[in-house]
Amino acid sequence: MSARRLRLAWRALFTIALVAGPGAPAGAEALRVRVTPQEPRPGDVVLVHVTGARTGLQAEWNGRRLRLFPVRDGLAAVVGIDLDVPAGPIAWRVAPEPPASGPRAAAGTVTVRAKVFPVQHLTLPPNQVDLDPPTLARAEAEQRELTAALADSAAERLWQGPFRVPVEGGRPTGGFGLRRILNGQSRSPHAGFDWAAPEGTPVLATNAGRVALVADHFFAGRSVVVDHGLGLFTLYFHLSAVSVSVGEAVGAGQVLGAVGATGRVTGPHLHFGVILGGARVDPESLLALAPPADPAP
């Protein structure tokens, strides 16, 4: 499905939850919360859009604090539904920040729908499946390095507006959520979306942010991780070259590097990943996000 069609679907799938109780001051604007989509699937990005207040609110999602950011007509947050989240209800709540109190509060649920990801069974020579001890130790250390980078996000939103495709003219091959069984052993699901493109094709930042990691890892090859703030990261793997450095501020569409075939791959392509609040989400869902208008300058 194209990003445009996904945006249209986002606009169609929403709910408005109520909200000022009987004790609200006369003439007070009702607090409204719109959650889109109302029935997300694993891998989706969910938009929580609050109108009727611009400050003084806190939000929770499944018992965890949500970080709200200002938009032109109120506040908003984005939530990731991890690809392993089971089907069922998830509760959310928006209420005044303590010590404030009063009737202005909203609560509701969304229902996660089940999604079946493809499974691929492969039989390969053992030396292509099992890592030798030095390589395993390297891969584990690199995973710790990536985990540390993903645990340190800016406290404010760094991105603005819609997210853009990171490769112009590439051929999307997808693969998000694919689960491989190698010689009977289950492997981690594919947590990114792939674009096939000739080696050297520019790789672009999908939105504004700050470079959180530049690395050369066994599996991911030359890599760049961009922090967009408030727990949102985008990951760019298998690059042939890198054009940015850690700590550098980048704008939407800025060249980060070039498509390559570094790391454990069979040919040149970009692996584009998204981590949102620790959840592995489908990059296509982020690209389809239609965020509310930013605050007026």
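Structure data summary
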{"read-out": "The chain, relative contact order in percent, only Cα pairs under 8 angstrom and at least six apart counted", "value": "19 percent"}
{"read-out": "For the chain, built as a Gaussian network whose Cα springs stay under 10 Å, the top-fluctuating residue of L235, L131, L146", "value": "L131"}
{"read-out": "C-alpha long axis of helix 133-150 to longest principal axis of the chain, angle in °", "value": "20 degrees"}
{"read-out": "Filtered trypsin sites (Lys or Arg not before Pro), segment 27-78: DSSP coil and at most 12 other beta carbons within 10 Å", "value": "R72"}
{"read-out": "Debye intensity ratio in log₁₀ form over the Cα atoms of segment 205-297, taken at each q of 0.10 Å⁻¹", "value": "-0.26"}
{"read-out": "Amide H contacts of A208 (H built 1.01 Å from N, under 5 Å, at least 5 apart or other chain)", "value": "Q160, A252"}
{"read-out": "Sum of side-chain charges, N62 neighbourhood, beta-carbon under 13 Å (Lys, Arg +1; Asp, Glu -1)", "value": "+1"}
{"read-out": "Highest-first arrangement of 107-116, 253-262, where packing means the average Cβ count within 10 Å", "value": "253-262, 107-116"}
{"read-out": "At 1.567 mPa s and 4 °C, Stokes D of the chain from Kirkwood alpha-carbon radius, µm² per second", "value": "63 µm²/s"}
{"read-out": "Estimated [θ] at 222 nm from DSSP helical runs (n ≥ 4, -39500 (n - 2.57)) normalised by residues in the chain, nearest 500", "value": "-3500 deg cm²/dmol"}
{"read-out": "Under-5 Å amide H pairs with A241, H placed in peptide plane, nonlocal only", "value": "A258"}
{"read-out": "Segment 124-267, relative contact order in percent, only Cα pairs under 8 angstrom and at least six apart counted", "value": "25 percent"}
{"read-out": "Unit charges on C-beta of K, R, D, E only; dipole of segment 169-229, Debye", "value": "220 debye"}
{"read-out": "Heavy-atom accessible surface of segment 208-297: percent carbon and sulfur, 1.4 Å", "value": "56 percent"}
{"read-out": "Length gained when the stretch E145-D84 is fully extended (0.36 nm per residue, less Cα-Cα span)", "value": "19.7 nm"}
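The values are calculated or read from the model by the stated rules, or taken from the named source; none is laboratory data. From a predicted model like this one, the values you see are computed outputs, not experimental measurements. Cβ atoms come from the backbone with ideal geometry, glycine included; neighbour counts cover every protein chain shown. These accessible areas exclude ligands, DNA and RNA; they are computed on the full protein's heavy atoms, side chains included. Shrake-Rupley method; radii C 1.70, N 1.55, O 1.52, S 1.80 Å.
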